[in-house]
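A.B. asks: Quick one: the structure is below, questions incoming.
The values are calculated or read from the model by the stated rules, or taken from the named source; none is laboratory data. None of these values were measured; they are calculated from a predicted model. Every residue, glycine among them, receives a Cβ derived from its backbone with ideal geometry; neighbour counts consider all protein chains shown. Ligands, DNA and RNA are stripped out before the accessible areas are found, and what is left, the full protein with its side chains, is counted by its heavy atoms. Shrake-Rupley method; radii C 1.70, N 1.55, O 1.52, S 1.80 Å.
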Amino acid sequence: MTPATGILTIDLGAVTANYRRLRERVGGKPVAAAVKADAYGLGMTQIAPVLAKAGCDFFYVAYPEEAMQLRAILGPAGMIAVLHGVAAQNYGAIAGRNIIPVINHLDDLRAWHRAAQERAAAIPVIVQLDTGMNRLGLGADEVARLLAHPEWLDGLQVKYWLSHLACADEPAHPMNARQLGVFSQYLIKLPPAPLSLANSSGIFLGPSYHFDQVRAGAALYGINPTPEQPNPMQPVAQLAAPIIQIRTLTPRSQVGYGASWRSDRLGKAAILPVGYADGFARSLGNRGVAHIQGHVAPIIGRISMDLLAVDVTDVPEQVYRLGAMAALIGADQSVDAVAKLAGTIGYEILTQLGRRYQRVYQGNNDVRDKSSGAAGTCVS
């Protein structure tokens, strides 16, 4: 049966392969997985167990709610760190669940210190240090205050001193060495604890950035962590949609809202049931392309909420029949290539992919998408 909407295929085998590739890259050091934002839009429920099976025992999420969801998925195994932190008054909700708050400022650290004193218990935490990104983490002034009051760490078991690289996807950027230097200077004075600095791209900056744990995110999901070089990761996501109507275009035919595209010849347009409500970027109108059995079909006109049009004039007629599938992300066009055409990054493309697609998980027959009922083999 021809699907009514697009099919988003997620290759769980590729996720596993990418995790193993990163672990090899760091010489077997711990590789934690960032599964925030529903595993970058691809499904935490399906992906987290696959990573755990591959040997991952440390996961990062953004919010406490994500941590609770992930704990229900994983069961008791594995550590979960909450990057945006957990309010100290909510300690009871995470106690005994191997959920660790990331502390990002001194007020939060002191609140957790008080919680530990009140409970006479050692509370595991991760403390983030801002090394120049000016986002989350203790800055230089806060680190100085902490050094003046080391008792604020009493009762807290620092699992990692952590920081985050701002420009790791640009290996020659001086910010990388600058942040590494600031991180190293902080650690000379702070109490010893394991260290974590490198994100996906940071892994490829070399061993001096690896420390005791690296945090893989985008690379796990097939986004290129080395944009200036060929992608060392396997692609994970493929997006295709059926042709639901074919229109004949005459010279001067206009397509879509605003009549932003006009035909200059006799031709054909194919309509696909994908739009910006499905997370397919509106900016790809008149810029993006689809591929139909290897033939390029440019997107013409504006992308609307539920539909887009592609020019199939130069595609063989037997190829673009009703029901034929047009690939929007896949072997002919990576998620990074789509992002470049859209004027954004692969992260945004993946995390915006909507829930209206039929989601198909391949490479692990034990995993099922509960939202769509799609089993673990690809629908073609």
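A.B. asks: Hey, with R₀ at 56 Å, roughly what FRET efficiency would ASP314 and ALA77 work out to, going by the Cβ-Cβ distance, to 0.05?
C.D. replies: Efficiency, from the Cβ-Cβ distance: 0.60.
A.B. asks: DSSP loop trypsin sites (Lys or Arg not before Pro) in the stretch 243-285 with at most 13 other Cβ atoms within 10 Å of their Cβ, which ones?
C.D. replies: Here the trypsin sites (Lys or Arg not before Pro) that fit, given the DSSP loop and packing criteria, are ARG252, ARG265.
A.B. asks: In the Gaussian network model of the chain, springs joining C-alpha atoms below 10 Å, which of SER200, SER163, SER283 carries the largest mean-square fluctuation?
C.D. replies: SER283
A.B. asks: Beyond 26 Å, how much of the Cα-Cα pair distribution for the chain remains, as a whole percent?
C.D. replies: 57 percent
A.B. asks: GNM on the chain, C-alpha springs below 10 Å: top fluctuator among GLY85, GLY301, GLY343?
C.D. replies: Residue with maximal mean-square fluctuation among GLY85, GLY301, GLY343: GLY343.
A.B. asks: Given the options LEU197, LEU51, LEU156, which has the most mean-square fluctuation in a GNM of the chain, springs set between C-alpha atoms less than 10 angstrom apart?
C.D. replies: LEU156
A.B. asks: Output the relative contact order of the chain, whole-number percent, from Cα pairs under 8 angstrom with separation of 6+ residues.
C.D. replies: Normalised by residue count, the contact order of the chain is 17 percent.
A.B. asks: In whole Hz, what ³J(HN,Hα) sequence does the stretch 323-334 give by Karplus (6.51, -1.76, 1.60; θ = phi - 60°), x for Gly and Pro?
C.D. replies: Using θ = phi - 60°, the values come out as x, 5, 8, 10, 8, 9, 9, x, 4, 7, 7, 6 Hz.
A.B. asks: Tell me, what is the FRET efficiency for ALA277 and ARG247 to the nearest 0.05, using R0 = 25 angstrom and their Cβ-Cβ distance as r?
C.D. replies: Here the calculated transfer efficiency is 0.70.
A.B. asks: For the stretch 1-125, give the magnitude of the charge dipole about the Cα centre (Cβ charges: +1 Lys/Arg, -1 Asp/Glu; no others), in debye to the nearest 20.
C.D. replies: That gives a dipole near 380 debye.
A.B. asks: Separate question: Expressed as a whole percentage, what fraction of the accessible surface of the chain belongs to carbon and sulfur atoms when a 1.4 Å probe is rolled over the protein heavy atoms?
C.D. replies: Summing carbon and sulfur atoms, their accessible area is 51 percent of the total for the chain.
A.B. asks: Still on this structure, please answer the following. Using a cut-off of under 17 Å, list every residue of the stretch 122-138 whose amide N is near the label point 7 Å from the Cα of ALA62 along the Cα-to-beta-carbon line.
C.D. replies: Counting backbone N atoms under 17 Å from the label point, the list is 135-137.
A.B. asks: Give the residues of the stretch 289-307 whose amide nitrogen is closer than 20 Å to a point set 7 Å from the Cα of ARG321 in the direction of its Cβ.
C.D. replies: 291-297, by backbone N distance to the label point.
A.B. asks: When you have a sec, figure out the Kirkwood radius of the stretch 147-198 from all distinct Cα pair distances and drop it here in Å to one decimal?
C.D. replies: It is 12.5 Å.
A.B. asks: Using 0.36 nm per residue of separation minus the Cα-Cα distance, give me the extension gain between GLN352 and GLU228 in nm, one decimal.
C.D. replies: Once the chain is fully extended between GLN352 and GLU228, it gains 42.2 nm.
A.B. asks: Which value results for Rg/Rh of the stretch 218-366 when Rg is the Cα radius of gyration and Rh the Kirkwood radius based on the inverse mean 1/r?
C.D. replies: 0.98
A.B. asks: Once every DSSP H run of n ≥ 4 in the chain is given -39500 (n - 2.57) and the sum is divided by its residues, what mean residue ellipticity at 222 nm do you get, rounded to the nearest 500 deg cm²/dmol?
C.D. replies: -7500 deg cm²/dmol
A.B. asks: For the stretch 65-147, divide the Cα radius of gyration by the Kirkwood radius and give the resulting Rg/Rh value with two decimals.
C.D. replies: Result for the stretch 65-147 is an Rg/Rh of 1.00.
A.B. asks: Right, something else. If you keep only loop residues by DSSP, which trypsin sites (Lys or Arg not before Pro) in the stretch 94-123 have at most 16 other Cβ atoms within 10 Å of their Cβ?
C.D. replies: Those that pass, being in a loop and sparsely packed, are ARG97.
A.B. asks: Also, quick follow-up: So how far, in whole Å, is the C-alpha centre of the stretch 250-322 from the one of the stretch 87-153?
C.D. replies: Taking the Cα centre of the stretch 87-153 as reference, the centre of the stretch 250-322 is 52 Å away.
A.B. asks: May I pose another question? Taking 7 Å along the Cα-to-C-beta vector as the label spot, tell me the ASN286-ARG110 distance in nanometres, rounded to one decimal.
C.D. replies: That separation, rounded to one decimal, is 5.6 nm.
A.B. asks: Moving on. So which aspartates and glutamates can LYS159 reach, going by Cα to Cα under 15 Å and dropping same-chain residues fewer than 8 places off?
C.D. replies: Those aspartates and glutamates meeting the cut-off are ASP57, ASP212.
A.B. asks: Ignoring ligands, DNA and RNA, what accessible area per residue does the chain give at 1.4 Å, in Å²?
C.D. replies: 45 Å²
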